[in-house]
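Enquirer: I'd like to ask some things about the structure below.
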Amino acid sequence: MPADWDSEADRDVKADWDTEADVVVVGFGAAGACAALEAAAAGCSVLVLDRFTGGGATALSGGVVYAGGGTPQQRAAGVSDSAEAMFGYLRTEAGDVVPDWTLREFCDGSVAMLAWLERHGVPFEGSLCPDKTSYPTNRHYLYYSGSELSARAAAPPAPRGHRARGRGASGGLLFARLAAAARASGVEVAGQTRAERLFTDDGRVTGVACRSLRGAPWWARAAHRALHRAASKPFLYAPKLGRLGHRPADWLERRYGRPLRVGARRGVVLAAGGFGANRPMLRTHVPSARGGLPLATPGDDGSGIRLGAGAGGATALLDRASVWRFLSPPPALLHGVLVDAEGKRVCDESRYGAAIGDEVVRRGGRAWLLVDRATLALARRQVRRTTLWFQRPQAWYLLTRGRVSADTVAGVAAKAGVDPDGLAATLSAYNAAAYNAASGNVGVPAGAPDPAGKPADLIRAQDQPPYSLIDISIRRRPLYPAPVLTLGGLVTDPGTGQVVRADGTAVPGLYAAGRSAVGLCSRSYVSGLSIADCVFSGRRAGRSAAQ
Ligand SMILES: Cc1cc2nc3c(=O)[nH]c(=O)nc-3n(C[C@H](O)[C@H](O)[C@H](O)COP(=O)(O)OP(=O)(O)OC[C@H]3O[C@@H](n4cnc5c(N)ncnc54)[C@H](O)[C@@H]3O)c2cc1C
């Protein structure tokens, strides 16, 4: 065993492996677990390597999976949906990021994908949330998790956010069930083992060079585990604190980690997450996300993407990041009017938070929500019923600290620094649509529909003073952060998940999945689409690598 990988001049070596498996998976989050499950089901020996103890962003997530086409949960809730309608909507979000036939395969297979997750222990439930929200409370597990209602011209809308049934943020339960299923099917998991390089032999990826705490003193392993666990959540909400807390874990890896050569007889799957924790990569590729809060764990350091690129793989859409600006809960805030610094309407306020984030970024990161007295009062009454604990600071911010108010529209515009004439014109067009909706004329061409196309049942006139402008600009704000999720990664063959080079040829023996790769959500994220893509692309990579 070499003392250090740095002493290895050439990675094209026929290595004497310390350990070997048919399929080696780098990263044990949703994508890695699904890849491992499929490779094991195909009869392969599977070894999963994880820098920490597994789970990654998946285990901290909301556990929402985007699925439709008539799932049992949709049917139980009395919702009608079809794969065609799902395709029609997702095409508006995904654009040409994947070929039509891949998106169709995803939509046609969605019911079966959810059943596959259930067979591996992940529970879902058809309890439909009555409100448009960023995340339902523990009473509801099916909801409109995207902008389906706003895109009804493109496809019949249906709620497709299937939240794994578990209290609080359900991602922990979703991952725990997948991890247990993987272990039960014979998958070996090597934790505290960091992939640092890929071995190639004549261009084919044959193995992974790792640094592992296997064999380190017990106390070093225990401290590494504990430090990572303690720092992961703070990393999400206060990255500086999280980074500080994580530093000793990095040191333990450097001090006690030993090189480990892992051979892969059939293939290596890279499923090591995105690059939200890699500040230089963020600065280079997504400068527009400045002021946002990376939605990432310390494992999202871009190492999966860099390992693939080092073996010749092409990358794409690294400049795409999803920046979230949720206005609801409380849902009454969706009755408000979202404007930019010129007082112009930004977009339909009921669109998904990432779509609103995109529009705000496009306007230089500044936007305000105008609400009147009645809307504010209704929103206040809704907070208790419509929020989970982690949504309350945001609701509190929106309804108190984040807002200025005045008795007139011109007065509130002056206080916020918004153009008063622009705001007055926007509000008058919006209120005209609201009066029209109230008189039952909505949909009648001669009437005045909402200029931004907001669904009629969410339009209420904002005409009762005092008026408030709530600042939803993208800035560093602990109570109302703007989460940023990286969406780009390695380019893969849409049929196999194999990593491809810039010239379109495949890198033999190398596959990628989840946020290490370009996937269904890489152009535009809606809640549940990242984990759904992890399941879809992870399973595809695992199956292909096993062949
Ligand atoms: C708070 C939060 C809420 C979210 N809610 C949702 C939601 O409800 N629905 C949804 O679709 N998406 C959601 N997302 C996004 C989603 O969770 C992630 O995009 C997705 O889980 C990524 O899965 P993955 O398998 O690609 O990576 P991860 O789950 O991050 O797993 C990657 C693993 O790779 C390991 N690793 C990294 N580098 C190495 C290395 N060099 N060697 C070995 N191991 C390595 C890491 O330790 C980690 O365990 C949320 C994200 C967050 C943070």
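Enquirer: Given GLY497, GLY514, which one is touching an Asp or Glu at 6+ places or on another chain (Cβ under 8 Å) and either within 20 Å of ALA33 (Cα to Cα) or surrounded by fewer than 24 Cβ atoms within 10 Å (Cβ to Cβ) (or both)? First the steps, then the outcome.
Expert: Details: GLY497 fails: touching an Asp or Glu at 6+ places or on another chain (Cβ under 8 Å).
Selected residue: GLY514, the only one of GLY497, GLY514 that is touching an Asp or Glu at 6+ places or on another chain (Cβ under 8 Å) and either within 20 Å of ALA33 (Cα to Cα) or surrounded by fewer than 24 Cβ atoms within 10 Å (Cβ to Cβ) (or both).
Enquirer: Now a separate question. Exactly one condition in (1) buried (at least 16 other Cβ atoms within 10 Å of the Cβ); (2) part of a helix (DSSP H, G or I); (3) not charged (D, E, K, R) is false for TRP101; which is it?
Expert: (1)
Enquirer: Just one of ALA220, ALA195, ALA182 is of a type in the set (A, V, I, L, M, F, W, C), away from the ligand (no atom under 14 Å from the Cβ) and either in a helix (DSSP H, G or I) or under 15 Å from GLY29 (Cβ atoms) (or both); which is it?
Expert: Testing whether each residue is of a type in the set (A, V, I, L, M, F, W, C), away from the ligand (no atom under 14 Å from the Cβ) and either in a helix (DSSP H, G or I) or under 15 Å from GLY29 (Cβ atoms) (or both) leaves just ALA220.
Enquirer: Could you tell me which numbered condition GLY95 fails, if it satisfies all but one of (1) free of Cβ contacts under 8 Å to residues at least 24 places away in the same chain; (2) away from the ligand (no atom under 14 Å from the Cβ)?
Expert: (1)
Enquirer: Those residues that are assigned to a helix (DSSP H, G or I), more than 9 Å from the ligand (Cβ to nearest atom) and touching a Ser or Thr at 6+ places or on another chain (Cβ under 7 Å), I need them from region 269-307; list them, please.
Expert: Within region 269-307, just ILE305 meets the criteria.
Enquirer: Considering region 152-175 alone, what residues qualify as being modelled with pLDDT of 95 or more and surrounded by fewer than 17 Cβ atoms within 10 Å (Cβ to Cβ)?
Expert: Of everything in region 152-175, just one residue is modelled with pLDDT of 95 or more and surrounded by fewer than 17 Cβ atoms within 10 Å (Cβ to Cβ), namely PRO156.
Enquirer: Name the pairs: first residue in region 284-302 and free of Cβ contacts under 8 Å to residues at least 40 places away in the same chain, second residue of a type in the set (Gly, Ala, Ser) and part of a helix (DSSP H, G or I), Cβ to Cβ under 7 Å, at least 6 apart or on different chains?
Expert: Nothing qualifies.
Enquirer: Checking GLN391 against (1) surrounded by fewer than 23 Cβ atoms within 10 Å (Cβ to Cβ); (2) closer than 23 Å to SER428 by Cα; (3) among the polar types (S, T, N, Q); (4) under 24 Å from the mean Cα position of the chain (by Cα), only one condition comes out false. Which one?
Expert: Condition not satisfied by GLN391: (2).
Enquirer: Follow-up question, since we're still on this one. When you go through ALA249, ALA216 one by one, which is the residue that is within 17 Å of THR53 (Cβ to Cβ), buried (at least 16 other Cβ atoms within 10 Å of the Cβ) and either touching a His at 6+ places or on another chain (Cβ under 6 Å) or in contact (Cβ under 8 Å) with a residue 60 or more places away in the chain (or both)? Let's see the steps before the verdict.
Expert: Details: ALA216 fails: either touching a His at 6+ places or on another chain (Cβ under 6 Å) or in contact (Cβ under 8 Å) with a residue 60 or more places away in the chain (or both).
Matching residue, one of ALA249, ALA216: ALA249.
Enquirer: Kindly state which strands (runs of 3 or more DSSP E) lie completely within region 440-547 and contain at least 2 residues that are more than 13 Å from the ligand (Cβ to nearest atom) and over 30 Å from ARG104 (Cβ atoms).
Expert: Those strands (runs of 3 or more DSSP E) span 467-471.
Enquirer: Tell me which of these ALA40 doesn't satisfy, since it passes every other one: (1) in a helix (DSSP H, G or I); (2) closer than 30 Å to ARG197 by Cβ; (3) hydrophobic (A, V, I, L, M, F, W, C); (4) within 16 Å of the ligand (Cβ to nearest atom).
Expert: Every listed condition holds for ALA40 apart from (4).
Enquirer: Return the residues of region 229-263 that are among the charged types (D, E, K, R), in a helix (DSSP H, G or I), away from the ligand (no atom under 12 Å from the Cβ) and within 27 Å of GLY207 (Cβ to Cβ); say none if nothing qualifies.
Expert: Correct list: ASP250, ARG254, ARG255.
Enquirer: Does any residue in region 114-132 that is on the phi > 0 side of the Ramachandran plot and part of a loop (DSSP other than H, G, I, E, B) come within less than 8 Å, Cβ to Cβ, of a residue that is of a type in the set (A, V, I, L, M, F, W, C) and buried (at least 22 other Cβ atoms within 10 Å of the Cβ) six or more places away or on a different chain, and which pairs are these?
Expert: GLY121/LEU178
Enquirer: When the residues of region 145-169 are filtered to those that are within 14 Å of the ligand (Cβ to nearest atom) and within 16 Å of the chain's Cα centre (by Cα), which remaining residue is nearest to ILE356 (Cα to Cα)?
Expert: The extreme case among them is GLY146.
Enquirer: Next up: Which residues, taken from region 133-145, are touching a helix residue (DSSP H, G or I) at 6+ places or on another chain (Cβ under 7 Å) and either outside any strand (DSSP E or B) or over 16 Å from SER527 (Cα atoms) (or both)? First the steps, then the outcome.
Expert: Applying the first criterion (touching a helix residue (DSSP H, G or I) at 6+ places or on another chain (Cβ under 7 Å)) to region 133-145 yields 133-135, 137, 142.
THR133, SER134, TYR135, THR137 - these are the residues of region 133-145 that are touching a helix residue (DSSP H, G or I) at 6+ places or on another chain (Cβ under 7 Å) and either outside any strand (DSSP E or B) or over 16 Å from SER527 (Cα atoms) (or both).
Enquirer: Let me ask you something else. Determine whether GLY273 is more than 28 Å from the chain's Cα centre (by Cα) and in contact (Cβ under 8 Å) with a residue 60 or more places away in the chain. Steps first, please.
Expert: Details: more than 28 Å from the chain's Cα centre (by Cα): no; in contact (Cβ under 8 Å) with a residue 60 or more places away in the chain: yes.
Criteria not met by GLY273.
Enquirer: Go through region 32-49 and report how many residues are of a type outside the set (Val, Ile, Thr) and in contact with an Asp or Glu (Cβ under 8 Å, 6 or more places away or on another chain).
Expert: 5
The values are calculated or read from the model by the stated rules, or taken from the named source; none is laboratory data. Here the structure is a predicted model, which means the values were calculated and not measured. Methodologically, a virtual Cβ is constructed for each residue, glycine included, from the backbone with ideal geometry; neighbour enumeration extends over all protein chains shown.
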